[in-house]
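Throughout, read-outs are computed from the coordinates displayed, never taken from laboratory work. Keep in mind that what you see is a predicted model, and the values were worked out from it rather than measured. Using ideal geometry, Cβ is built from the backbone for each residue, glycine included, and neighbour counts are taken over all protein chains shown.
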Amino acid sequence: MTNKKINMDSVYLPSDKIVAREIEDELIIVPIESGFADFNDTLYSLNETGRAVWNLLDKKKTVKYICEKLSESYKAPADTIEKDVVQLLEELLGMGIVEDLNA
């Protein structure tokens with residue numbers, strides 16, 4: 001997995017090389033194409049908080065906006081939310097699960 005830096009003003013989208021489905025209380029992500037670093041033949045799941053981030057990924061919302069919305073929703077300090085969101089997105093980006101629309 002490569003270590004990629006998240007830009008707070010960038011927009012990230014789910015890759016078109018994965019499928020994501022909600023099963024019970026988890027979001028399950030499955031690769032549909034080979035070439036994922038440390039992700040081949042593997043399922044990746046997101047918990048409730050990860051799903052909240054995932055559900056805000058679209059063609060318009062920046063990371064900064066996502067962090068602000070989650071901070072309001074969870075009534076948590078913005079710096080804590082930002083740290084967690086950036087960490088998750090770095091992991092997802094490094095695995096090829098999300099893509100930087102601005103790249």
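Would you look at the GNM of the chain, springs on alpha carbons closer than 10 Å, and say which of Ser45, Ser73, Ser15 moves the most?
Answer for the Gaussian network model of the chain: Ser73.
For the chain, modelled as a GNM with alpha-carbon contacts under 10 angstrom, which of Leu27, Leu92, Leu43 fluctuates the most?
Leu43
Return Tyr65, Tyr12 ranked ascending by Cβ neighbour count within 10 Å, so the fewest neighbours appear first. Don't skip to the answer; put the middle values down first.
On the way: Tyr65 14, Tyr12 25.
Placing the least packed residue first, the sequence is Tyr65, Tyr12.
How high is the FRET efficiency between Arg51 and Thr80 when r is their beta carbon distance and R₀ equals 22 Å, given to the nearest 0.05? Show your work: numbers first, answer last.
Numbers: r = 18 Å, r/R0 = 0.82.
With a Förster radius of 22 Å, E is 0.75.
Provide the net charge surrounding Lys5, with neighbours chosen by a C-beta distance below 15 Å and charges set as Lys +1, Arg +1, Asp -1, Glu -1.
So the surrounding residues net to -3.
Using a 10 Å cut-off around each Cβ, can you sort Lys61, Lys83 from fewest to most neighbouring Cβ atoms?
Details: Lys61 15, Lys83 12.
In increasing order of surrounding Cβ atoms, one gets Lys83, Lys61.
How long is the gain from Asn102 to Glu22 if the chain were fully straight, where each residue apart is worth 0.36 nm and the alpha carbon distance is subtracted?
Working: separation 80, 0.36 × 80 = 28.80 nm, distance 2.74 nm.
Fully extending the segment from Asn102 to Glu22 adds 26.1 nm.
Is it possible to state the helix-based mean residue ellipticity at 222 nm for the chain, with each DSSP H run of 4+ residues giving -39500 (n - 2.57), the sum divided by total residues, to the nearest 500 deg cm²/dmol? What is it?
-11500 deg cm²/dmol
Of Asp84, Asp58, Asp25, which is the most mobile in a GNM of the chain whose springs link Cα atoms less than 10 angstrom apart?
Asp25
Normalised by the empirical 2.2 N^0.38 Å for globular proteins, what value does the Cα Rg of region 12-96 take? It would help to have the intermediate numbers written out before the result.
Details: Rg = 13.1 Å, N = 85, 2.2 N^0.38 = 11.9 Å.
Relative to the rule-of-thumb radius for its length, region 12-96 sits at 1.10.
Which whole-Hz ³J(HN,Hα) couplings does region 89-101 yield from phi under the Karplus relation 6.51 cos²θ - 1.76 cosθ + 1.60, θ = phi - 60°, glycine and proline marked x?
Running phi through 6.51 cos²θ - 1.76 cosθ + 1.60 with θ = phi - 60° gives 5, 4, 5, 5, 5, x, 8, x, 7, 10, 10, 7, 5 Hz.
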